[in-house]
Amino acid sequence: MSGEMWDAVWLTATLAAIVTVLLLVVATPIAWWLARSRSPVKEVVGALVTLPLVLPPTVLGFYLLVAFSPNSPLGQGIAAVFGQGLPFTFEGLVVASVIHSLPFAVQPIRNAFEAIGDRPLEVAATLRASPWDAFWTVAVPLARPGFLAGAVLGFAHTVGEFGVVLMIGGNIPGETKVLSIAIYDYVETLQWTQAHILAAGMLGFSFVVLLAMRLIEKRLGWGTGR
Amino acid sequence: MTAKPATLTAAFVGRLGTFHLDARFEVPAKGITALFGPSGCGKTTVLRCVAGLSRLPEGVLRVGRDVWQDGARVFVPPHRRPVGYVFQEASLFPHLSVPANLRFGQRRAAAGDHAIAFDEVVDLLGLGRLLDRPTAVLSGGERQRVAIGRALLSQPRLLLMDEPLSALDRFSKDDILPYLETLHDALDIPVLYVSHDIAEVERLADTLVLMEHGRAKAVGPLSALMADPALPLARLPEAAEVLDARVEARDETYGLASVSVPGGHLLVPGRVGAVGSPCRVRILASDVSLTRDAPGPAQSSILNVLPVRIVGAEPTDAHLVTVFLHLGADGQGAPLLARITRKSWDLLGLAAGQAVHAQVKGVALVERGSDPTAKDEDTP
């Protein structure tokens, strides 16, 4: 494999890793609120968070590009604070990917929180655990399969995204040229061998990830004990 | 440590979902208080309100000198209330080992409140063999014992138990009941015990809160309420009286013990503790008959014949009458129920105020204070 291909692999892995960590940080409180709240606006927020799941990535990418552009107030604010704008940068990719992959992390974590039910948290409360304490010592450990699924899906989805990256990141080697863009590039320039290597690698990677997740879930499966 | 609370005063009034609660009661914060009533009468809701798991805006709750709720102004959140809560299902944390479950509350208890030690609870509840087993393989009864231990180790000043035996089979129930009786005798923690099983109540309770349609219909000592003409307990087919007694002498030859109850003495079959120790006896109304004159010695096979005074009577059905009695010729003793035919009532010319004799055909020792470790264990 050429250095250019390794660059794309490394960039994609770095992006996916950073996005996954950020996803867990952002998705956990959202998932907790969606699972526990009785607020009437919760389904509205739930639908908003899920939007990236159904929108064409180009639509999301387009709006993000508009929002981050140097002409928009948000884009100007970001440029003023960080000294540079988001479009066509690695940081821009990170932000866009977090938004784009959010439903993939929120949904499994929310389902896991909902599956716990009220009882373990009530038990924790009667055993002197504050809500914050119970969240970390009871809810999070019991929702571990959901966190695992959220992290894996978020990671895999970030690795595989194309449309949003193309819109907001462009095609800058070492900065925004991730695997999916590289494959597209190779195909466009008729370098079929390189495209084959990367595409087959992605295929194998995705399969292994899904299989591993399923197996780990099974081993962790303590959903049986009440 | 804060002084032991003297009384528990509760008034929970309002609507929770579709259920209307209007429960007001004051009970001594001592011994076991049973919240008793049919399913759906609000017992569990009351218990949840005491723990702070459910919140009624109109609720008032005082435990001793501590105010846990006063309307909407004061509401101590559940994790700041020194209660132990045992749910119907054991609800052990599946991600923690048995010892970690037991220590969950202990680690979080206030620094000054460490009167109940880990080893003591393990001994009391027979948990030794369970400590190194995964929570998932424990039986229902074992799980519930761990849950009770976990609640006790959180160093509660009030123990709340929500039908802790109802999810268990007969066998596991009989396994746990002696442990509960031991707890009652060994630990000085007041207990609120929700139950719809009168047999459990007869065995465990000192005080009774009789619940009906979300209201506390009657509150008082168990024996007084069981023989209260105004309450449905005395009208049950299995109406009985439960008396707290004290062992006076043991007759090993016949396997009988002589016990004293307020206003009389009884001969009771079965194993009792040492002379001077407390026990509890249960006398079914249908096992008590009345006679004007006491039969002389060696004239009747019935051993227990007690002077009583008739306080009242009420027809139970077409042919039976439930008679309300007080022990002692002066009628100053404990209450007792008799169930006789209406014909006998008329033939004997009985009436309230008369002094007669109660012939007690059967007295059962309610297994209480017996040593659970002496029981056959289910060891392999």
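The values are calculated or read from the model by the stated rules, or taken from the named source; none is laboratory data. This one's a predicted model, so the numbers in the text were calculated from it and none came from an experiment. Reconstructed Cβ throughout: ideal geometry from the backbone, glycine too, with neighbour counts over all protein chains shown. For accessibility, only protein heavy atoms count, side chains too; no ligands or nucleic acids. Shrake-Rupley method; radii C 1.70, N 1.55, O 1.52, S 1.80 Å.
In the range A:140-226, counting only helices (runs of 4 or more DSSP H) that sit wholly within it, the ones holding 2 or more residues that are free of Cβ contacts under 8 Å to residues at least 24 places away in the same chain span A:179-188, A:192-220. Residues that are more than 22 Å from the chain's Cα centre (by Cα) and under 26 Å from A:LEU86 (Cα atoms) were ranked within the range A:33-73; the one that is most open to solvent (accessible area, probe 1.4 Å) is A:ASN71. Residue count for the range B:123-156 satisfying the condition of being of a type in the set (Val, Ile, Thr) and out of contact with any Leu (no Cβ under 7 Å at 6 or more places or on another chain): 1. Selection of first residues in the range B:74-94 that are more than 7 Å from chain A (Cβ to nearest Cβ) and of second residues that are surrounded by fewer than 19 Cβ atoms within 10 Å (Cβ to Cβ), restricted to Cβ pairs under 6 Å at least 6 apart or on distinct chains, gives the following pairs, ordered by first then second residue: B:VAL74/B:VAL67; B:GLN88/B:SER166; B:GLN88/B:ALA167.
Looking across the range B:130-178, the residues that are open to solvent by 40 Å² or more (accessible area, probe 1.4 Å), without any contact (Cβ under 8 Å) to a residue 40 or more places away in the chain and more than 24 Å from B:ALA199 (Cα to Cα) come down to B:LEU131, B:ASP132, B:ARG133, B:PRO134, B:VAL137.
The helices (runs of 4 or more DSSP H) found wholly in the range A:32-134 and carrying at least 3 residues that are at negative phi and at pLDDT 90 or above occupy A:42-54, A:57-68, A:90-116, A:119-126, A:131-134.
Residues checked against (1) small (Gly, Ala, Ser); (2) touching a Phe, Trp or Tyr at 6+ places or on another chain (Cβ under 8 Å):
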site	(1), (2)
A:PRO57	no, yes
A:GLY61	yes, no
A:LEU64	no, no
A:ALA67	yes, no
A:ASN71	no, no
A:GLN76	no, no
A:GLY83	yes, no
A:PHE90	no, no
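Under the condition of being among the charged types (D, E, K, R) and either open to solvent by less than 20 Å² (accessible area, probe 1.4 Å) or without any contact (Cβ under 8 Å) to a residue 60 or more places away in the chain (or both), the residues counted in the range B:312-329 number 1. Just the residues that are touching a Ser or Thr at 6+ places or on another chain (Cβ under 8 Å), more than 10 Å from chain A (Cβ to nearest Cβ) and free of Cβ contacts under 8 Å to residues at least 40 places away in the same chain, please, taken from the range B:95-108. Selection gives B:SER97 alone. Assessment of the range A:170-177 against the conditions (among the hydroxyl-bearing types (Ser, Thr, Tyr), closer than 23 Å to A:VAL21 by Cα and surrounded by 19 or more Cβ atoms within 10 Å (Cβ to Cβ)) yields at least one matching residue. Applying the criterion of being in contact (Cβ under 8 Å) with a residue 40 or more places away in the chain and either in contact with a strand residue (DSSP E or B) (Cβ under 9 Å, 6 or more places away or on another chain) or within 13 Å of chain A (Cβ to nearest Cβ) (or both) to the residues of the range B:35-44, the residue that is surrounded by the fewest Cβ atoms within 10 Å (Cβ to Cβ) is B:PRO38. A:LEU93 passes every criterion in (1) away from every other protein chain (no Cβ under 14 Å); (2) surrounded by fewer than 18 Cβ atoms within 10 Å (Cβ to Cβ); (3) aliphatic (A, V, I, L, M) apart from (2). Only a single criterion out of (1) more than 9 Å from chain A (Cβ to nearest Cβ); (2) surrounded by 15 or more Cβ atoms within 10 Å (Cβ to Cβ); (3) more than 19 Å from B:LEU159 (Cα to Cα); (4) without any contact (Cβ under 8 Å) to a residue 40 or more places away in the chain is not satisfied by B:TRP68, namely (3). Once the range B:123-143 is narrowed to residues that are in a helix (DSSP H, G or I), farther than 19 Å from B:ASP174 by Cα and of a type in the set (A, V, I, L, M), the residue that is modelled with the lowest pLDDT is B:ALA136.
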